[in-house]
Amino acid sequence: MILTVTLNAALDVTYPVASLVPDSAHQIERAHVRAGGKGVNVARVLEHFGQPVLATGLVGGTSGAAIRHDLDGAGIRHHFCGIAGESRRTVTVVAADTGDATAFNERGPLVSIAEWRDFLEHFDHLVRDASVVVCSGSLPPGLPVDAYAELCRRARTHGIPSIVDTAGPALVAAAEAAPATVKPNSVELRATTRAPDLRAGAGQLLAHGAEAVVVSLGPDGLLAVTHDNAWQARPPGRISGNPTGAGDACVAALASGLLTGSEWPDRLRTAVAWSAAAVPMPYAGDVDDETYRRMFDRVQLEEIHAFHSDR
Ligand SMILES: Nc1ncnc2c1ncn2[C@@H]1O[C@H](COP(=O)(O)OP(=O)(O)OP(=O)(O)O)[C@@H](O)[C@H]1O
Ligand SMILES: [Mg+2]
């Protein structure tokens with residue numbers, strides 16, 4: 001089973017409007033509301049592709065209850081830890097005239113040290129039945145910067161590999177816990193490492209301890225770097241739609257590849273095809289089967305032989 005961890009789970013609210021006009025009131029015919037947060041999106045994609053998955057993390061308040069209720073309705077197995085604070089909401093206004101999405105993301109509830117300790121105990125129970133752990137997204141206020149690192153270390157004591165998708169100091173700390181894979185996007189990698197180029201940035205995260213670094217490059221696909229090899233995988237063309245959540249579909253594929261032990265070229269092909277399939281869908285966590293099937297055989301994979309990490 002793949003265990004996805006979402007420490008800052010959210011209730012994602014989307015308002016479709018004909019046009020977004022500042023300083024005016026907008027009539028919303030029908031709001032779209034669903035459980036979100038990156039680990040939840042990863043779980044949704046894995047569930048879609050028939051992979052065994054359990055979603056965990058922290059939830060609280062009425063938003064937390066709505067998150068659990070939505071996952072029940074979607075048939076996604078979950079076991080979250082309750083906290084006293086209110087889970088955050090995100091509000092995205094999608095304007096039909098321009099196609100632009102304007103997002104308002106709450107930062108998240110303050111989590112106490114006692115709540116974090118309770119979660120670690122909860123995680124220790126769940127991880128025993130897991131084969132892969134996925135840690136995705138931002139940390140809510142109150143959690144230590146090495147929260148994901150701590151989860152990776154605990155998973156590792158059971159021989160279970162982890163994937164981490166986060167940014168900044170939390171990503172560097174996680175890399176030091178030797179996760180199997182970290183998955184920043186190119187902007188996150190540059191901001192986190194301040195390296196002159198992506199290969200150098202990936203090399204830094206390898207030097208910190210990550211076993212592999214997969215950098216997502218938006219419509220240009222992926223750069224994957226291990227201590228021994230590097231690959232670039234590209235979709236055959238740019239897909240139009242909403243790329244939010246494409247990174248989560250990519251992480252889902254990398255987790256599935258770790259679960260089955262697939263070779264890197266196969267893993268990356270699947271990652272590019274699953275993430276491309278997320279782009280035509282309006283909501284993060286959904287994937288389009290037809291796009292996935294169309295993409296899979298057409299992913300362009302290139303091995304970059306001349307790569308040496310700083311190890
Ligand atoms: N327009 C697109 N057409 C085809 N594939 C895309 C497109 N945008 C993204 N992808 C695929 O999705 C993957 C992840 O996208 P991206 O780099 O935007 O991730 P991200 O910024 O982490 O996304 P998020 O965190 O919002 O889920 C890319 O590596 C690429 O394979
Ligand atoms: Mg991302």
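Where a number appears in this text, it was derived from the coordinates with a stated rule and is not lab data. This is a predicted model, so every value here is computed, not measured. All Cβ positions, even for glycine, are placed from backbone atoms using ideal geometry, and neighbour counts span all protein chains on display.
Per-structure values
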read-out	value
Neighbour-count order for Met295, Met281, fewest beta carbons within 10 angstrom listed first	Met281, Met295
Residue exposure sequence - Arg154, Arg30 - by fewest surrounding Cβ within 10 Å	Arg30, Arg154
Listed residues Thr90, Phe296, Thr102: farthest to the positive end of the dipole of the chain (Cβ charges)	Phe296
Most mobile of Val172, Val134, Val93 in a GNM of the chain (Cα contacts under 10 Å)	Val93
Whether the chain is rounded, prolate or oblate, judged on the alpha carbon gyration tensor where a/c under 1.5 counts as rounded	oblate
Length gained when the stretch Ser186-His158 is fully extended (0.36 nm per residue, less Cα-Cα span)	6.9 nm
Farthest positive-ward along the chain dipole, Cα basis, beta-carbon charges - from Ala149, Leu223, Met1	Ala149
Efficiency of FRET from Cβ geometry, Arg238 and Val17, R₀ 25 Å, rounded to 0.05	0.45
The chain: relative contact order as a whole-number percent, Cα under 8 Å and 6+ apart	16 percent
Magnitude of the charge dipole, the stretch 91-209, Cβ model with Lys/Arg +1 and Asp/Glu -1, debye to 20	420 debye
Total charge dipole magnitude, the chain, about the Cα centre, Cβ charges on Lys, Arg, Asp, Glu only, Debye to nearest 20	200 debye
Distance (nanometres) between label positions extended 7 Å along Cα→Cβ at Ala25 and Arg77	4.8 nm
Net +/- balance of residues flanking Leu301 in space, Cβ distance below 13 Å, scoring K and R +1, D and E -1	-1
Over the stretch 163-311, relative contact order from alpha-carbon pairs under 8 Å, at least 6 apart, %	22 percent
Taking the stretch 88-174 and dividing mean pair separation by its residue count, relative contact order in percent (alpha carbons under 8 Å, at least six apart)	26 percent
Relative exposure of Arg44, Arg88, Arg238, Arg153, judged by other C-beta atoms within 10 Å (fewest first)	Arg238, Arg153, Arg88, Arg44
Lys, Arg +1 and Asp, Glu -1 on Cβ, resulting dipole of the stretch 194-311 about Cα centre, debye, nearest 20	200 debye
Furthest towards positive pole of dipole, Ser138, Phe119, Leu171, structure part the stretch 109-203, Cβ charges	Leu171
Extension gain, Glu211 back to Ser112 (0.36 nm per residue minus Cα-Cα distance, nm)	32.5 nm
Rounded to 5, percent antiparallel among DSSP beta bridges of the stretch 1-83	40 percent
